[in-house]
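The values are calculated or read from the model by the stated rules, or taken from the named source; none is laboratory data. The structure presented is a predicted model; accordingly, all values stated were derived computationally and were not measured. Cβ placement follows ideal geometry from the backbone for every residue including glycine, while neighbour counts extend to all protein chains displayed. Each accessible area value is taken on the protein alone, full model and side chains, heavy atoms only, with ligands, DNA and RNA left out. Shrake-Rupley method; radii C 1.70, N 1.55, O 1.52, S 1.80 Å.
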Amino acid sequence: MINNFITDQKAKLTVEGKTYEFPVIIGSEGEKAIDIRSLRQETGYITLDTGFMNTGSCGSEITFLEGSNGILNYRGYTIEDLAENCSFVEVAYLLLHDNLPTQAELDHFKMLLSRFALIHEDLIHFFDHFPPNASPMAILSSMVNSLSNFYPEMTENPLENIDKNAARLISKVRTIAACTYKKSLGSPLVYPRHDLSYCGNFLNMMFDSPVKPYKVNKEVVAALNKILILHADHEQNCSTSTVRLVGSARVNLYASISAGISALWGPLHGGANQAVIEMLEAIYNEDGNYNKYIERAKDPNDPFRLVGFGHRVYKNYDPRAKIIKKACDEVLAILKTSDPLLDIAKELEEVALNDDYFIKRNLYPNVDFYSGIVYRAIGIPTNMFTVMFALGRLPGWIAHWKEMWDDPNWRIGRPRQVYVGPKKRPFVPVEERG
Ligand code: SDX
């Protein structure tokens, strides 16, 4: 709990000739904060911090990021160790609880995921009423929000059944994602099977067909586990902060997650993995001429950004991008295939990392730069890439929602502002305006 990390040190602020002191907080990994929770009450001032670049919204025990050295730990375990040694389900359990599961805890969690894999048949009919080219992210957000209508106990006692509801959501979102893909093809739905793992079930529901049975490849399953682990949490990113903010109004888990899905959709956030592939395809179709895109990215008058590059926190190589880049080569080798977009991506990275513009701004590949290459190799269509990001991030969103509801310091999120509009003025009737 954050109050346990308040130190005896004080930060001083002098304004209008008066000096105020505010406590200094130092987190378990050395992050420093000035506790300004009494600032407005004591000084009459608020702070302004557009984009919240310098503002902490909470204390959290879930994930630690260190941007200058590219460190990412989930509940103290390094992402490298977890990606190398765990399944996604194990890491989902870790994020939702304080520790990695014992075998018995893991078996129970897997049993719940199997038990909740089906979605209500009435919910399946919802798919019949989306237009054929509907965005999978719009469908996912709508379906998740609608889930709360099918499980009213979710809204009545949210924390009482949190483990059950977390497992239900993690399992059903995977089924909804696969159904979304099958429906987009006009293909028959493939139902989950109890004899398959979380990721194996997803791949089977995506690619199995009555006329051509899909053979689940265990090495592809391993790669998908790794990719989902790498996406599972990332402290107070835009979508997780959205889940917390919406949930802070005492909104049920499913509606809060639905809001997080909408935030993730943005091309500056989770939507970047789809935009990266679209950019690489455009470069490929222009004979691999990536220099134009590098120059556009550097042009202050051009809104184009080199998607998949840059990060609010990482001012070094995103540790997830390193692992995913290696997974690209591994999956392509397993599937005995190649992808010219990977070659373009590697060349683009090489040129950018040696260009002063990117060096000066500490712009490196982020989690989205290579992930689409792995999804393509597996056969996942580009418009489902951000849905894959949501599948991975779901345990993190739920963990943060749960942590916030459990937090005795929790308050409804309600930032202030500085008004800069017109000062008070007399009303003018419409007939006198002109
Ligand atoms: C994710 O927050 C998270 O943790 C997110 C995430 C997660 O796991 O949840 O990691 C997932 O969202 C990864 C990011 C995916 N988005 C993209 O790849 C889109 C491209 N990247 C940029 O839009 C940007 O880097 C952001 C949005 C990721 C970060 O933006 P910031 O922190 O607000 O940085 P900024 O806009 O202040 O940029 C600082 C400078 C600016 O130049 P100057 O004004 O100083 O001259 O760097 C430039 C920017 O123009 N810059 C880029 C750039 N990213 C930043 N220039 C060209 N190409 C880019 N990609």
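General remarks:
- Heavy-atom accessible area per residue - region 77-405, 1.4 Å, Å²: 41 Å²
- Highest-fluctuation residue, D233, D343, D299 considered, GNM on the chain with Cα pairs under 10 Å: D299
- 0 to 90° range, to nearest 10: angle between helix 238-247 axis and the chain longest Cα axis: 70 degrees
- Straight-distance candidates among the aspartates and glutamates for linking to K226, with alpha-carbon spacing under 19 Å and chain neighbours fewer than 8 residues away dropped: E80, D81, E84, E90, E235, D318, D329, E330, D368.
- Rel. contact order, % - alpha carbon contacts under 8 angstrom, at least six apart, the chain: 19 percent
- Max mean-square fluctuation residue, GNM over the chain, Cα-Cα springs under 10 Å, options A297, A166, A117: A297
- Qualifying GluC sites (Glu not before Pro) in region 144-178, DSSP loop, other Cβ atoms within 10 Å at most 12: E160
- Two-decimal Rg/Rh across region 77-405, once Rg and the Kirkwood Rh are taken from alpha-carbon atoms: 0.96
- Subtracting the Cα-Cα distance of N316 and E281 from their residue separation scaled by 0.36 nm leaves 10.0 nm.
- Region 83-150-region 415-434 distance, computed between alpha-carbon centres (Å): 48 Å
- For region 118-182, the relative contact order works out to 52 percent when only alpha carbon pairs closer than 8 Å and six or more residues apart are counted.
- Most fluctuating residue given options H125, H194, H231, as computed from a GNM of the chain linking Cα atoms under 10 Å: H125
- Apportionment of accessible area to carbon and sulfur, region 290-434, percent (1.4 Å): 52 percent
- Sorting the Cα pairs of region 2-56 by distance into bins of 5 Å, from 0 upward, gives 4, 17, 26, 24, 19, 8, 1, 0 percent per bin.
- Structure note, pairs K172/K325; K336/K402; K215/K315; K172/K212; K218/K322; K183/K218: Cα-Cα distances above 31 angstrom occur for K336/K402; K215/K315.
- Across region 2-56, Cα pairs under 8 Å and at least six residues apart give a relative contact order of 23 percent.
- Positive minus negative residues near H108 (Lys, Arg vs Asp, Glu; Cβ under 15 Å): 0
- Percent carbon-and-sulfur accessible area, region 2-56, ignoring ligands, DNA and RNA, probe 1.4 Å: 50 percent
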